[in-house]
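Peer 1: Have a look at the structure that comes next, please.
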């Protein structure tokens, strides 16, 4: 069926609901790869500092080796612990910082209790065995073998390149040999880190595509969600509050161009504008109740806008229209009578003013 075709993109509400359930695009491999690469580079940068620390510790231990005093033993334990703390504190802090920044960059701060809720399906041996031998489980296994194969290949290339040096290492001095081994381990570490980083970036892209695919909606779901949003009391209240703010901000200024103001006479006031033939129907330019209605009437009097008292029509216009909308067709006849009365009154006033001006003019047009 056409409605079952998930061709619609996820709405913001659907994404927000998925985020509340903890569904975000996030790759654990990316966090691990960044942490590994950062630690390898840090150890390569601070290798000499670690060697110096352990050399000093070994010298202190040998100096106190002949003493079997309990205080000396306790001092050796504290020195060893201090050396371990100095060597491991910085890498652990770096890994923790990289992991936190990577997780936040991928999906932000997400707190959800849904993944923590107990599910019997997770404890079922039958379900776990099925997942292990399913197509999805097989694909995950094959996916994990790809970076392992790449790492083994890099290790093989390095070993093949340095095979002569490896065979001659048994006859080398200890200090140059340790330096050479450290260099090869550092090379293997950062190359493996780059491989895992590239693979984890691909994994994150696949996770993002999978999440986007799972969040796509059918047209029926999108339509139903829009209806639910309109029916939400909070949404309706927000819309009403926004409309009230717009009315209070613009109605007083727009009353100046109104053709007539229809009042209750005290509780309701609706300002109408009609400029034929440019406007096919009268438009509500301002409306209000109580204090706002009083302000509309005062503004209308100040700018000589006609005010007509018609309580039923004022209430009907207030409830049936919004500011900026044309009046409904069912109110055309009642509004037409009001506007016709206003136009006749304005024409009468103009003719009186013209007659008064003609009577005041000097005879013969003398100046």
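Peer 1: Quick check on my filter: what residues within segment 156-165 are surrounded by 13 or more Cβ atoms within 10 Å (Cβ to Cβ) and part of a helix (DSSP H, G or I)?
Peer 2: Residue satisfying the conditions is 158 alone.
Peer 1: Considering 101, 146, which residue is under 24 Å from the mean Cα position of the chain (by Cα), at pLDDT 80 or above and within 19 Å of residue 34 (Cβ to Cβ)?
Peer 2: So the residue among 101, 146 that is under 24 Å from the mean Cα position of the chain (by Cα), at pLDDT 80 or above and within 19 Å of residue 34 (Cβ to Cβ) is 101.
Peer 1: Something else: Counting only residues that are within 13 Å of residue 316 (Cβ to Cβ) and within 45 Å of the chain's Cα centre (by Cα), which one in segment 258-273 is surrounded by the fewest Cβ atoms within 10 Å (Cβ to Cβ)?
Peer 2: 268
Matching residues to (1) closer than 10 Å to residue 261 by Cα; (2) in contact (Cβ under 8 Å) with a residue 40 or more places away in the chain; (3) in a loop (DSSP other than H, G, I, E, B); (4) assigned by TED's automatic domain parsing to the domain that holds residue 273:
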| residue | (1), (2), (3), (4) |
| --- | --- |
| 286 | yes, no, no, yes |
| 296 | yes, yes, no, yes |
| 300 | yes, yes, no, yes |
| 315 | no, yes, no, yes |
| 319 | no, no, no, yes |
| 323 | no, yes, yes, yes |
| 338 | yes, yes, no, yes |
| 341 | no, no, no, yes |
| 348 | no, no, no, yes |
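The values are calculated or read from the model by the stated rules, or taken from the named source; none is laboratory data. Model, not experiment: these values are computed from the prediction. Neighbour counts are summed over all protein chains in view; Cβ atoms, including those assigned to glycine, are modelled from backbone coordinates with ideal geometry.
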